[in-house]
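Some notes on the structure that comes next.
The values are calculated or read from the model by the stated rules, or taken from the named source; none is laboratory data. What you are looking at is a predicted structure, and each value in this text was computed from that prediction instead of being measured. When we count neighbours, we look across all protein chains shown, and the Cβ atoms used for this are built from the backbone with ideal geometry, even at glycine. Side chains are part of the model used for accessible areas, which takes the heavy atoms of the whole protein and leaves out ligands, DNA and RNA. Shrake-Rupley method; radii C 1.70, N 1.55, O 1.52, S 1.80 Å.
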Amino acid sequence: MSLSNPSALLWALVAVPIVIFYLLKIRLRKVAVGTTMFWEHVFEEKPPRAIWRQLRYLSSLLVQLLLVALLVFALTDPVINSTVREQQRIVVVLDTSASMQTTNSDGSTFLQQARERVEQSIAGLRNTDEMAVVVTGTQAQVACGLTSHPRTLQSALDRIKATDGPNQMDDAIALSRRLLAGHGRGQVMVVTDGNALSAELSGSANDVSVLLVGEPRDNVAITEFQVRRSLVDPVGYEILLDVANFRNQPARLTVDLTLNESLLDVLPVTLQGGEVRREILDYTGTAGGILKAAIAFDESAGADTGVDALTVDNDAVAVLPERRTIPVTLVTDGNWFLQRALEACELVDLTVTSESPSAVAEGSVLVLDRHVPNPVPSGHVLVIQPDVATDLWSLNGTLPQPLVGHQDEGSPLLQHVRLDNVLMPAAVRLLPVANHNVLVAAVSEDPLYLRFARPAGDVLVLTIDLSQGDLPLRTAFPILLTNAMTWFSGADFAFLRALRTGESMTVPLPPEWQQNAPEAPAACELKSPSGERQTCAVYEDRVTIPPLPTAGVWTLQPEGATTTDQIRHVACNVSGIAESDLRQPTTQSSSAIRPTTASGRPLWFYAVLCAGILLIVEWFLFQRRWIN
Amino acid sequence: MPLFDNHFLTQLEYLSLVSRKVFQGQLMAQRRTTRTGSGIEFSDHRQYTPGDDFRYLDWNLYARHDELLLKRFQEEEDLHVYLLLDCSRSMSVGRGAKFDLARQVAAALAYIALSDLDQVAIYAFADGILHNFPLARGKGRILSLMEWLTELQTGGQSTHLKALTSQFLQPGPRPGLALLLSDCFDSDGFETGLDMLRHHRFETSVIQLHDAEEANPRLLGDVELQDIESGISRRLTVTEASLQRYRESFAAFLKSLRNYCSSHGMDCTISTTDVPFDQLVLAMMRADSGPGVAG
């Protein structure tokens with residue numbers, strides 16, 4: 001046994017005044033009375049036992065000294081050496097993924113059941129044991145560091161909530177092992193419903209034990225939901241919908257599709273046991289907004305009920321971009337390919353002229369074929385093969401036979417466009433003099449397609465001579481123009497696909513965020529469906545959306561924005577099959593953790609307990625109630 | 001504070017007037033004894049006890065009811081009043097309040113008797129007679145009597161009533177009124193001493209004084225009780241239960257004293273020291289026709 005606080009032994013000096021007071025006390029108080037004959041009558045009836053009367057003073061002193069000894073012993077916080085050697089460090093990995101929201105047949109959720117199991121483990125901790133809690137929902141993170149204080153653990157446990165995210169069990173195990181690094185008797189206790197367990201856990205590593213909670217349940221879920229504008233129909237859009245039946249019996253249900261809360265379609269779906277149905281649906285419309293799919297069990301329509309134990313995956317959302325017609329003014333002496341390509345784009349309301357306007361109206365685009373005024377008019381401008389130097393560039397002759405050496409694959413301006421095999425006999429050699437971004441460059445690093453970012457409006461410049469090459473004959477040409485029109489309309493960000501919970505993504509900033517500001521915002525603010533806010537990092541005109549823990553429609557806007565017109569929606573859905581399949585897990589609980597009992601209290605606790613008992617005994621001794 | 005101040009003397013005069021009103025119309029001396037004697041006026045009956053004079057038995061009643069009852073006559077004579085004042089150390093308990101009250105009561109009774117032309121003597125006793133104030137008559141002796149009482153101190157050994165009465169009766173004093181002022185804490189019992197007075201035809205009154213602390217002590221825990229008279233110490237652990245038994249024992253003692261006096265036709269006044277002497281004397285006079293209790 002060793003003492004954690006040996007300096008507390010000094011408290012033993014308290015025994016000195018106790019002995020002094022005892023010696024003073026045994027000198028009895030003398031009371032003069034007129035006669036003792038009445039007292040003699042009293043004690044003749046019940047004479048006190050003489051032996052005990054002799055001993056009771058001494059026993060009282062001994063009890064008091066023992067009381068002090070026990071209290072001093074408790075203050076020194078003694079620890080049994082063997083207990084120190086057997087000290088346990090346990091990291092509880094608590095699964096907070098979406099599947100833990102599943103309800104059992106008794107109405108409790110898997111997470112509540114898991115929390116009760118962890119509480120039992122906390123109650124069984126010995127005083128020298130330490131425990132930490134790591135959660136695995138969406139992101140593995142430490143909810144409570146190693147501590148032996150049960151209330152701290154309980155408080156951390158109470159704060160844990162289920163997420164809609166996936167199970168990051170491997171990350172959580174790795175994090176737990178880092179917490180236990182250097183401790184020989186460290187153990188990881190995974191409390192999970194068994195969904196998406198890694199092979200390592202299924203094999204039951206020596207330092208990891210798995211405690212399964214929950215029961216096999218039936219579930220029907222939307223496992224995929226995406227929407228995009230059609231590549232062939234500018235006003236059309238396509239919906240990708242996966243509905244899965246995670247039960248052994250068939251399921252009949254309906255999927256309600258709504259756009260901005262207006263019913264779009266109702267799909268009756270009949271799924272066989274274990275079937276995953278994929279539907280690709282085409283719709284037409286220029287309106288954009290929040291597209292929502294919801295599973296409904298309508299008994300009147302013959303749908304099954306009582307087959308769904310997890311509700312969070314019954315809904316899915318996606319953001320449908322709005323299609324807007326763009327007024328485009330083409331200034332040309334006659335470029336049939338260019339005019340026809342623009343006319344073919346259904347988003348474009350084309351006006352052809354030979355005189356360049358001095359300014360471009362807001363929301364419209366000016367396309368200049370060769371003839372470019374100096375300075376370039378303010379507003380969105382697309383320049384094809386410039387023939388004069390302007391305030392943004394100067395010219396340095398012709399670039400013969402340019403070969404594409406570099407193409408910005410990530411730019412939405414070049415989405416679905418490949419210029420590698422395009423024959424380009426000539427191009428203008430352009431020397432940018434203003435802030436620019438090269439999108440396509442020749443091998444000689446001369447820009448072939450570049451963007452000038454201006455506060456007054458972006459300027460895109462294509463230096464290729466359209467009259468000599470085969471670019472106008474390629475499908476890439478109308479797509480290139482459509483991308484440019486879309487870029488000017490600011491609709492590219494709207495093509496952001498629906499994320500899965502726990503998934504991060506880096507996307508370009510919406511163009512209008514940059515068009516109306518001299519610089520891109522330093523950070524963005526992301527707001528959850530429940531109103532919680534967090535900051536997203538912006539780097540080189542791109543914003544990184546972190547792993548989202550909650551399914552629903554999130555909003556993104558520049559940090560510090562005061563208006564709502566810059567808000568962009570981000571759709572997020574439950575991570576997929578791994579969280580929605582609630583059938584029998586493939587692993588069984590293991591018992592690697594030695595069960596602890598409530599008897600593991602510290603020695604000082606027992607010392608204080610004994611002192612309390614002695615205090616009661618001494619109180620009785622002092623009062624002498626039992627003598628008579 | 002002096003034992004007998006002017007206020008005390010004023011109260012004495014008041015008590016004397018009250019006593020005259022109560023005992024108006026007496027022959028010779030103005031105090032009429034209640035003991036059987038040569039008087040002719042029948043007073044009452046009382047139970048016969050061994051030692052009583054057979055001549056005063058009411059044979060008619062015995063013949064009718066088969067009960068021995070003694071006829072009592074009021075004796076008309078010049079009364080001798082003997083004040084037997086306990087001066088044992090037990091009277092000094094309670095910072096002397098008991099002894100002070102006893103002396104004040106003694107002075108008051110002596111004043112009343114002297115005012116009624118009775119003869120008064122005081123005997124201070126403990127385990128025997130320590131001092132005595134010889135028979136005196138007339139109010140003019142009251143000052144010397146009070147002076148004598150003032151100088152009186154507690155002393156001697158423990159209270160011993162039998163020794164007191166033996167010494168008191170040895171010279172053969174003329175029977176009269178014997179007033180015992182004592183706490184009666186006689187370890188041998190108070191009965192023997194009182195019996196001897198009764199057998200010598202003394203009309204006896206007992207005035208038992210005790211401190212309230214003696215009746216209801218507030219002791220708890222380990223104490224060493226020291227008998228102030230005998231000097232014997234006793235170590236006790238006093239509990240609530242033992243205190244309760246003490247109270248019961250003390251109450252039984254007072255009850256036995258009262259019963260004894262009642263059964264033998266004695267006046268008995270029991271009082272604590274917190275009762276003023278004048279109230280105590282008035283209570284005695286109101287209970288003159290029979291045993292009384294004050295306090």
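A few notes on this one:
- Residues that are open to solvent by 60 Å² or more (accessible area, probe 1.4 Å) and more than 7 Å from every other protein chain (Cβ to nearest Cβ) within segment A:15-39 comprise A:VAL16, A:ILE20, A:PHE21, A:LEU23, A:LEU24, A:LYS25, A:ILE26, A:ARG27, listed in sequence order.
- Sole residue being within 26 Å of B:LEU3 (Cα to Cα), within 8 Å of chain A (Cβ to nearest Cβ) and over 15 Å from the mean Cα position of the chain (by Cα), chosen from B:GLU229, B:GLU224: B:GLU229
- Single condition B:GLY265 does not satisfy, out of (1) open to solvent by 30 Å² or more (accessible area, probe 1.4 Å); (2) within 14 Å of another protein chain (Cβ to nearest Cβ); (3) in contact (Cβ under 8 Å) with a residue 40 or more places away in the chain: (2)
- Selection count where residues are away from chain A (no Cβ under 14 Å) and either under 18 Å from the mean Cα position of the chain (by Cα) or within 30 Å of B:LEU225 (Cα to Cα) (or both), scope segment B:66-95: 7
- Long-range neighbours under 9 Å by Cβ, at least six apart or interchain, first residue in contact (Cβ under 8 Å) with a residue 12 or more places away in the chain within segment B:122-139, second in a strand (DSSP E or B) and hydroxyl-bearing (Ser, Thr, Tyr): B:ILE122/B:TYR82; B:TYR123/B:TYR82; B:PHE125/B:SER182; B:ILE129/B:TYR123; B:LEU130/B:TYR123; B:HIS131/B:TYR123; B:PHE133/B:TYR123; B:LEU135/B:TYR82
- B:GLN244 vs. criteria open to solvent by 70 Å² or more (accessible area, probe 1.4 Å) and at the interface with another protein chain (Cβ under 8 Å from one of its Cβ atoms): no
- Test: residue in segment A:153-161 that is touching a Lys or Arg at 6+ places or on another chain (Cβ under 6 Å) and open to solvent by 30 Å² or more (accessible area, probe 1.4 Å): no
Per-residue answers, yes or no, for (1) free of Cβ contacts under 8 Å to residues at least 12 places away in the same chain; (2) closer than 30 Å to A:GLY34 by Cα; (3) open to solvent by 10 Å² or more (accessible area, probe 1.4 Å); (4) polar (S, T, N, Q):
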position	(1), (2), (3), (4)
B:CYS87	no, yes, no, no
B:GLY94	no, yes, yes, no
B:ALA108	no, yes, no, no
B:GLU151	yes, yes, yes, no
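- Residue in segment B:1-20 that is at pLDDT 75 or above, open to solvent by 80 Å² or more (accessible area, probe 1.4 Å) and over 25 Å from the mean Cα position of the chain (by Cα) present: yes
- Single condition A:HIS416 does not satisfy, out of (1) farther than 29 Å from A:GLY288 by Cβ; (2) surrounded by fewer than 14 Cβ atoms within 10 Å (Cβ to Cβ); (3) out of contact with any Lys or Arg (no Cβ under 8 Å at 6 or more places or on another chain): (1)
- If the condition is being more than 7 Å from every other protein chain (Cβ to nearest Cβ), farther than 12 Å from A:ALA32 by Cα and either open to solvent by 10 Å² or more (accessible area, probe 1.4 Å) or under 31 Å from the mean Cα position of the chain (by Cα) (or both), then segment B:232-241 contributes only B:GLU240.
- Note on segment B:96-106: residues that are among the charged types (D, E, K, R) and either more than 14 Å from every other protein chain (Cβ to nearest Cβ) or open to solvent by 20 Å² or more (accessible area, probe 1.4 Å) (or both) total 2.
- Yes/no for B:GLY193 being closer than 23 Å to A:VAL33 by Cβ and either in contact (Cβ under 8 Å) with a residue 60 or more places away in the chain or in contact with a Leu (Cβ under 6 Å, 6 or more places away or on another chain) (or both): yes
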